[in-house]
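Worksheet: the structure to be examined is printed underneath.
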Amino acid sequence: MAKAIGTRPLYSQIREQFLHHLEDRTWAPGMLIPSEIELARKFGVSQGTVRKALNEMTAERLLTRQQGRGTFVTEPEDSRILFKFFHLTPDKADPTFPVSRFLSRTKGAATAEEAAALAIHPGDAVWRIRRNRSFGQMLILTEVVVLAVARFPDLPEATVLPNNLYQLFSTRWRITIAQADEQLRAVSATKAIAQTLGCEPGTALLQIRRIARDLGERPVELRTSHCLTDHIHYTSNLR
């Protein structure tokens with residue numbers, strides 16, 4: 001069992017050091033990290049302590065173990081990391097990642113709600129990305145992604161933004177999305193949202209409000225999605 005220093009287990013302190021390696025790209029996406037024995041020697045702890053820290057990071061899908069090859073830093077386009085943050089599934093098909101169609105990218109002043117979510121000041125500049133997402137020909141949701149301009153000063157035009165924004169965050173700004181908090185709520189479609197989704201105003205929708213955070217637990221993104229649920233459902237695997 002890992003020793004504790006103060007109130008924090010030793011493996012948790014080692015995990016924090018490993019997170020710093022991910023954050024500063026000492027361990028870059030796709031990279032094979034040192035073995036447990038090498039890491040134990042480097043940090044002056046037992047191999048069991050290292051293994052416990054790595055196991056936790058593997059469970060969080062920050063690392064990926066490959067039998068006979070070792071432990072690798074998970075890449076943002078890896079299906080395992082994609083589905084860590086996307087929980088909508090077709091009722092009658094296998095899980096799949098949706099295709100996005102960008103509607104607009106605008107710059108404006110952060111509202112009080114946006115500022116609180118992103119840990120910035122009301123009135124600070126933010127990007128608002130609006131896009132629809134579909135499973136094949138089936139439109140399933142419309143959403144607004146809000147980002148602080150100070151953190152993404154050179155955000156590309158919406159027409160050249162990729163389907164997987166988290167991969168873009170990682171490759172262009174070296175920001176890894178490590179966790180997200182989501183709130184689910186049943187709402188009625190407003191006239192504007194109904195027009196975008198092609199449904200009647202007042203249609204019952206699933207609203208998903210997400211705050212995505214980086215490896216240092218700093219908020220990166222506020223995302224609000226309004227979802228049609230006629231043919232899809234939200235899946236959550238509780239362990």
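The values are calculated or read from the model by the stated rules, or taken from the named source; none is laboratory data. Note that the coordinates shown come from a computational prediction; the quantities given were computed from them, not determined experimentally. Using ideal geometry, Cβ is built from the backbone for each residue, glycine included, and neighbour counts are taken over all protein chains shown. When the accessible area is computed, the model is the full protein with side chains, heavy atoms only, and any ligands, DNA or RNA have been set aside. Shrake-Rupley method; radii C 1.70, N 1.55, O 1.52, S 1.80 Å.
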> Helix-derived [θ] at 222 nm for the chain: sum -39500 (n - 2.57) over DSSP H runs of at least 4, divide by residue count, nearest 500?
Replying inline: -7500 deg cm²/dmol
> With the chain treated as a Gaussian network of Cα nodes joined by springs under 10 Å, which of 182, 200, 143 yields the largest mean-square fluctuation?
Replying inline: 200
>> Give me the dipole magnitude in Debye, nearest 20, for region 113-239 about the Cα centre, with unit charges on the beta carbon: positive for Lys and Arg, negative for Asp and Glu.
In response: 160
> Under the definition of Cα pairs under 8 Å and six or more residues apart, what whole-number percent is the relative contact order of region 123-239?
Replying inline: 25
> Rounded if a/c is under 1.5, else prolate if a/b is larger than b/c, else oblate: which is region 69-188, with a ≥ b ≥ c the root eigenvalues of its Cα gyration tensor?
Replying inline: oblate
>> Given a 1.4 angstrom probe, what's the average accessible area per residue across the chain, in square angstrom?
In response: 54
>> Rounded to the nearest percent, how much of the accessible area of the chain (1.4 Å probe, protein heavy atoms only) is carbon and sulfur?
In response: 51
>> Along the charge dipole of the chain, pointing to its positive end and built from +1/-1 on Cβ of Lys, Arg, Asp and Glu, which listed residue (137, 205, 19) has its Cα farthest out?
In response: 19
> If you put +1 on each Lys and Arg Cβ and -1 on each Asp and Glu Cβ, how big is the dipole of the chain around its Cα centre, in Debye rounded to 20?
Replying inline: 320
> Size of the dipole of region 84-135 about the Cα centre, Lys and Arg at +1 and Asp and Glu at -1 on the beta carbon, nothing else charged, in debye to 20?
Replying inline: 300
> Where the centroid of each part is defined by its Cα atoms, how far is region 91-109 from region 158-201 in Å?
Replying inline: 6
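Among the trypsin sites (Lys or Arg not before Pro) in region 137-215, which ones are in a DSSP loop with at most 16 other Cβ atoms within 10 Å of the Cβ? Mind listing them?
Loop-located and lightly packed - 174.
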